[in-house]
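For reference, the structure is listed below as structure tokens.
The values are calculated or read from the model by the stated rules, or taken from the named source; none is laboratory data. Everything numeric here is computed off the predicted structure, so don't read it as measured data. Every residue, glycine among them, receives a Cβ derived from its backbone with ideal geometry; neighbour counts consider all protein chains shown.
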Amino acid sequence: MVDAFFRISVIDGALGLCRHRKEYPGTPISDAVRQLQNGPAYLAGYDYRRAVELADQVGWDAFTFEGARYTQLRVTLKELALRLKPFWARVSHLGRNRVLQVVSGDQRQCLEFAGLLETPPSDEVVTWWDEIGAFFRAEEEQRNVEIGREGERRTMEYETKRLKSEGIPKQPLWIALDDNRAGYDVLSFQKLSTSQIEDLRIEVKASSYSPTHFILTRPEWDEASRQPDLHLFHIWNLETEELLRLSVEDMAPHMPLDNGNGLWREVRVTLP
């Protein structure tokens with residue numbers, strides 16, 4: 001449904017209704033639509049039905065009819081993208097080429113009419129894409145934080161039950177909630193063959209869809225490598241609700257190596 005709103009006939013219809021409402025304040029929307037449909041031919045062909053649906057969903061303040069046509073379309077498209085969050089906008093931080101790979105013909109036409117695909121781009125166009133990209137990049141980062149927190153929450157529940165079942169009279173500690181620089185997320189405990197209890201430091205990763213994937217940073221790996229017997233990785237797949245418990249030895253084959261003057265800082269790991 002969202003994609004259907006990104007058509008130039010819908011957006012121009014909404015802009016036309018905005019102008020009409022300003023010129024004739026107090027006119028009911030249904031009357032304004034009828035008047036425009038009975039007006040000049042270039043106004044009669046707009047998709048007013050869907051334009052009204054769009055305005056009902058995002059609010060009339062999303063449409064700007066001041067300034068040149070480029071300005072109207074750019075400001076309006078930005079507001080619609082931020083409020084409706086179509087897929088093409090959510091990948092905008094990856095660059096215009098990525099957007100062009102996923103847009104429909106109607107969506108591309110909207111961007112073209114707004115001059116947002118011009119080459120070379122003007123400063124105004126660069127700023128438009130940067131602002132859209134920054135918004136959705138921040139959204140993605142927040143979503144990743146929420147996914148990570150959900151994984152940590154599940155590990156806390158899992159470890160609480162495990163410690164109880166193994167007769168270890170301790171509670172796990174949610175370290176990452178208080179200090180995300182510790183190098184691990186949850187401090188739990190394990191019982192040695194001698195019945196002695198020692199720390200178990202758990203790095204938690206979570207993936208929201210399959211195949212299970214996650215980002216591991218160099219500081220996280222360095223921390224785990226220093227005392228491998230005291231570290232464990234919890235890898236959650238939130239889609240299947242499955243947990244993989246991997247040792248440092250299990251993770252080692254997936255780690256890159258430094259070469260020449262290059263130092264790796266993070267690695268994306270995909271598990272079957």
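Which pairs have Cβ atoms under 6 Å, sit 6 or more apart or on different chains, and link a residue in segment 41-70 that is farther than 19 Å from Val2 by Cα to one that is at pLDDT 95 or above and of a type in the set (Ser, Thr, Tyr)?
Thr64/Thr76
Please work out if Thr155 is of a type in the set (Ser, Thr, Tyr), assigned to a helix (DSSP H, G or I), touching a residue at least 24 places away in the same chain (Cβ under 8 Å) and farther than 30 Å from Tyr184 by Cα.
Considered against the rule, which asks whether it is of a type in the set (Ser, Thr, Tyr), assigned to a helix (DSSP H, G or I), touching a residue at least 24 places away in the same chain (Cβ under 8 Å) and farther than 30 Å from Tyr184 by Cα, Thr155 comes out as no.
Do the conditions hold for Ala138, that is, is it out of contact with any helix residue (DSSP H, G or I) (no Cβ under 7 Å at 6 or more places or on another chain) and either under 17 Å from Arg7 (Cβ atoms) or assigned to a helix (DSSP H, G or I) (or both)?
Working: out of contact with any helix residue (DSSP H, G or I) (no Cβ under 7 Å at 6 or more places or on another chain): yes; either under 17 Å from Arg7 (Cβ atoms) or assigned to a helix (DSSP H, G or I) (or both): yes.
Answer is yes for this residue.
When you scan segment 1-48 for helices (runs of 4 or more DSSP H) that lie fully inside it, which ones turn up with 1 or more residues that are at pLDDT 90 or above and within 14 Å of Leu80 (Cα to Cα)?
Numbers: elements: 2-5, 8-23, 29-37, 41-44.
Passing ranges, in order: 2-5, 8-23.
Regarding segment 209-218, can at least one residue be identified that is farther than 15 Å from Trp236 by Cβ and out of contact with any Pro (no Cβ under 6 Å at 6 or more places or on another chain)? Lay out the reasoning, then the answer.
The first filter runs over segment 209-218 and keeps only residues farther than 15 Å from Trp236 by Cβ, leaving 217-218.
Narrowing the set further to residues that are out of contact with any Pro (no Cβ under 6 Å at 6 or more places or on another chain) leaves 217-218.
Within segment 209-218, one or more residues are farther than 15 Å from Trp236 by Cβ and out of contact with any Pro (no Cβ under 6 Å at 6 or more places or on another chain).
If Leu216 satisfies all but one of (1) surrounded by 12 or more Cβ atoms within 10 Å (Cβ to Cβ); (2) part of a helix (DSSP H, G or I), what's the number of the condition it fails?
(2)
Mind checking whether some residue in segment 214-229 is in the same structural domain as Ile168 (by TED's automatic domain parsing), within 23 Å of the chain's Cα centre (by Cα) and within 21 Å of Ile168 (Cβ to Cβ)? Let's see the steps before the verdict.
Start the filter on segment 214-229 by keeping residues that are in the same structural domain as Ile168 (by TED's automatic domain parsing), which leaves 214-229.
Going one step further and asking which of them are within 23 Å of the chain's Cα centre (by Cα), we end up with 214-217.
Those left that are additionally within 21 Å of Ile168 (Cβ to Cβ): none.
Scanning segment 214-229 turns up no residue that is in the same structural domain as Ile168 (by TED's automatic domain parsing), within 23 Å of the chain's Cα centre (by Cα) and within 21 Å of Ile168 (Cβ to Cβ).
Collect the residues in segment 144-169 that are over 16 Å from Ala206 (Cβ atoms) and exposed (fewer than 14 other Cβ atoms within 10 Å of the Cβ), keeping them in residue-number order. Give the steps one after another, and end with the answer.
Initial filter on segment 144-169 (over 16 Å from Ala206 (Cβ atoms)): 160-169.
Lys161, Lys164, Ser165, Glu166, Gly167, Pro169 - these are the residues of segment 144-169 that are over 16 Å from Ala206 (Cβ atoms) and exposed (fewer than 14 other Cβ atoms within 10 Å of the Cβ).
For segment 180-189, state whether one or more residues are of a type outside the set (D, E, K, R), surrounded by 13 or more Cβ atoms within 10 Å (Cβ to Cβ) and either at pLDDT below 95 or not assigned by TED's automatic domain parsing to the domain that holds Thr160 (or both). First the steps, then the outcome.
As a first pass, look at segment 180-189 and keep what is of a type outside the set (D, E, K, R): 180, 182-184, 186-189.
Filter once more, keeping what is surrounded by 13 or more Cβ atoms within 10 Å (Cβ to Cβ): 182-184, 186-189.
With either at pLDDT below 95 or not assigned by TED's automatic domain parsing to the domain that holds Thr160 (or both) added as a condition, the list becomes 182-183.
Within segment 180-189 (the criterion being of a type outside the set (D, E, K, R), surrounded by 13 or more Cβ atoms within 10 Å (Cβ to Cβ) and either at pLDDT below 95 or not assigned by TED's automatic domain parsing to the domain that holds Thr160 (or both)), the answer is yes, since at least one residue qualifies.
In segment 236-272, which residue that is part of a strand (DSSP E or B) and touching a residue at least 40 places away in the same chain (Cβ under 8 Å) is nearest to the chain's Cα centre (by Cα)?
So in segment 236-272, the residues part of a strand (DSSP E or B) come out as 236-237, 242-246, 259, 262, 266-271.
Okay, now just the ones that are also touching a residue at least 40 places away in the same chain (Cβ under 8 Å), so 236, 243, 266-271.
Numbers: Trp236: 19, Leu243: 23, Glu266: 19, Val267: 19, Arg268: 17, Val269: 19, Thr270: 19, Leu271: 22 Å.
Taking the candidates together, the pick is Arg268.
Just one of (1) farther than 15 Å from Glu159 by Cα; (2) in contact with a helix residue (DSSP H, G or I) (Cβ under 7 Å, 6 or more places away or on another chain); (3) among the β-branched types (Val, Ile, Thr) trips up Val186, so point out which.
Only one criterion is unmet by Val186, namely (1).
Give just the number: which of (1) more than 25 Å from the chain's Cα centre (by Cα); (2) assigned to a helix (DSSP H, G or I) does Gln107 not satisfy?
Evaluating Gln107 over (1) more than 25 Å from the chain's Cα centre (by Cα); (2) assigned to a helix (DSSP H, G or I) leaves (1) as the failure.
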